[in-house]
Amino acid sequence: IGSGTMGPGMAATFARQGYETTLFDIKPEQLEKAKGAVDFVYTTLTNGGFMTAEEADAGRGRLTYTDDLATALNGADFVVETVPERRDIKQQVYQQIESLVGNDVIIASNTSGIPISDIASVAKNPSRVVGMHWSNPPHLIPVIEVIRGADTSDETADATVEMVKSIGMVPAIVDKDIAGFVENRILYAIMREALHLLDEGVASAEAIDTITKWGIGYKLAVIGPLELLDVAGLDIYNSVASYLNADLNASSDISSTVTSKVAEGKLGMKTQGGLFEYTPEKIQQLQQQRGRKLVATRKALSDN
């Protein structure tokens, strides 16, 4: 439900794994864009060796597109909502979905930060509402957070975990329903410190990204931060954290660099300029390049 940034990649993932899948959006023109996005997804996966051209064609054959919600939900066994990140919109959509599906149908949300309990508060049966948070690009980033709301039943959570496994992704249970869940809380902590260093003139944007990608990111791709603590030694962390933690940015304010860029209308790739500058050609080149690198990284990480 929703075919914006995430919906097409998610739908393509379900369809390539054998599920008859319907992608819904209220805007017909958005559905047309989604078809192109699905083609891009399958081209990336085919070129990366994750599927054959025949499998891509089969995936396309399992996909249906509609701007009629009742048609989209007719006979549905599992529903994933990925509409804009506004609590009121999601709650309204959940009420509509619930009125159109059977009592045993799980309704999952791809929200990246709104507590599941808040979304489920308008549901007649909140026990079947669960978080299913994918990462962008959803067809390449394997992990999916499965978030238990206050009333999410064990059966709902367990079935969602099995669904994630069945589409070739990696489930991770989040037991406590808090804003941002786990992935975005850690990510935003990293971005807050990176922006603080940029604001303070400690290093350029290019240098900060280089250090993060080739230092922190390179390590964290193969070993998690808590495992890394054991490798380094908790005594070392205890010593360094005793003075460094107090010096890290703990402000709840938004970076002045970001607020000034937003005021100027420089929002990133979507406006061809943000913290970095872009041309349409550069954007296309970066998207293709990053897709190839993510494919290669996933292959490497899957090699046990």
Q. Of all the helices (runs of 4 or more DSSP H) wholly in the range 1-67, which have at least 2 residues that are basic (Lys, Arg)?
A. 28-47
Q. Which of the residues belonging to the range 105-123 are in contact with a strand residue (DSSP E or B) (Cβ under 9 Å, 6 or more places away or on another chain), assigned to a loop (DSSP other than H, G, I, E, B) and among the small types (Gly, Ala, Ser)?
A. Ser112, Gly113, Ala123
(Q) Criterion first (in a loop (DSSP other than H, G, I, E, B) and either in contact with a Gly (Cβ under 8 Å, 6 or more places away or on another chain) or open to solvent by less than 50 Å² (accessible area, probe 1.4 Å) (or both)) does Gly102 satisfy it? (A) yes
Q: Report the residue count in the range 36-63 for those that are more than 19 Å from Leu140 (Cβ to Cβ) and open to solvent by 70 Å² or more (accessible area, probe 1.4 Å).
A: 2
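Can you confirm whether the range 12-19 contains a residue that is farther than 19 Å from Trp134 by Cβ and either crowded, with 21+ Cβ neighbours inside 10 Å or charged (D, E, K, R) (or both)? So that I can check it myself, show each step before the final result.
Our first condition is that a residue be farther than 19 Å from Trp134 by Cβ; within the range 12-19, this holds for none.
No.
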Q | the range 210-226, residues that are farther than 22 Å from Glu183 by Cβ and either loosely packed, with under 11 Cβ neighbours inside 10 Å or touching a residue at least 24 places away in the same chain (Cβ under 8 Å) (or both) | A | none
(Q) Any residue that is modelled with pLDDT under 95 and over 20 Å from Ser117 (Cα atoms) - is there at least one of those in the range 50-66? (A) yes
Q | Single unsatisfied condition, Ala70 versus (1) over 22 Å from the mean Cα position of the chain (by Cα); (2) modelled with pLDDT under 95; (3) part of a helix (DSSP H, G or I) | A | (2)
Q | Residues (in a helix (DSSP H, G or I), modelled with pLDDT of 90 or more and surrounded by 13 or more Cβ atoms within 10 Å (Cβ to Cβ)) located in the range 257-289 | A | Thr257, Val258, Lys261, Val262, Met269, Lys282, Ile283, Leu286
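State the number of residues belonging to the range 124-138 that are open to solvent by 20 Å² or more (accessible area, probe 1.4 Å) and either assigned to a loop (DSSP other than H, G, I, E, B) or under 21 Å from Met6 (Cβ atoms) (or both).
The number of residues fulfilling the criteria is 4.
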Q | Residue check, Asp57 farther than 22 Å from Gln288 by Cα and either touching a helix residue (DSSP H, G or I) at 6+ places or on another chain (Cβ under 6 Å) or among the acidic types (Asp, Glu) (or both) | A | no
Q | the range 20-35, residues that are out of contact with any Lys or Arg (no Cβ under 8 Å at 6 or more places or on another chain), closer than 21 Å to Glu98 by Cα and surrounded by 15 or more Cβ atoms within 10 Å (Cβ to Cβ) | A | Thr22, Leu23, Phe24, Asp25
Q: Could you tell me which of the residues Asp158, Asp88 is within 25 Å of Pro8 (Cβ to Cβ), part of a helix (DSSP H, G or I), acidic (Asp, Glu) and open to solvent by 60 Å² or more (accessible area, probe 1.4 Å)?
A: Asp88
Q | Qualifying positions in the range 227-252 - surrounded by fewer than 10 Cβ atoms within 10 Å (Cβ to Cβ), within 15 Å of Ile190 (Cα to Cα) and not polar (S, T, N, Q) | A | Asp247
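The values are calculated or read from the model by the stated rules, or taken from the named source; none is laboratory data. Owing to the predicted nature of the structure, the values given are computational and were not obtained by experimental measurement. Don't worry about glycine lacking a Cβ; one is built from the backbone with ideal geometry, like all the others, and counts go over all protein chains shown. Areas reflect the complete protein model, heavy atoms only, side chains present, ligands, DNA and RNA absent. Shrake-Rupley method; radii C 1.70, N 1.55, O 1.52, S 1.80 Å.
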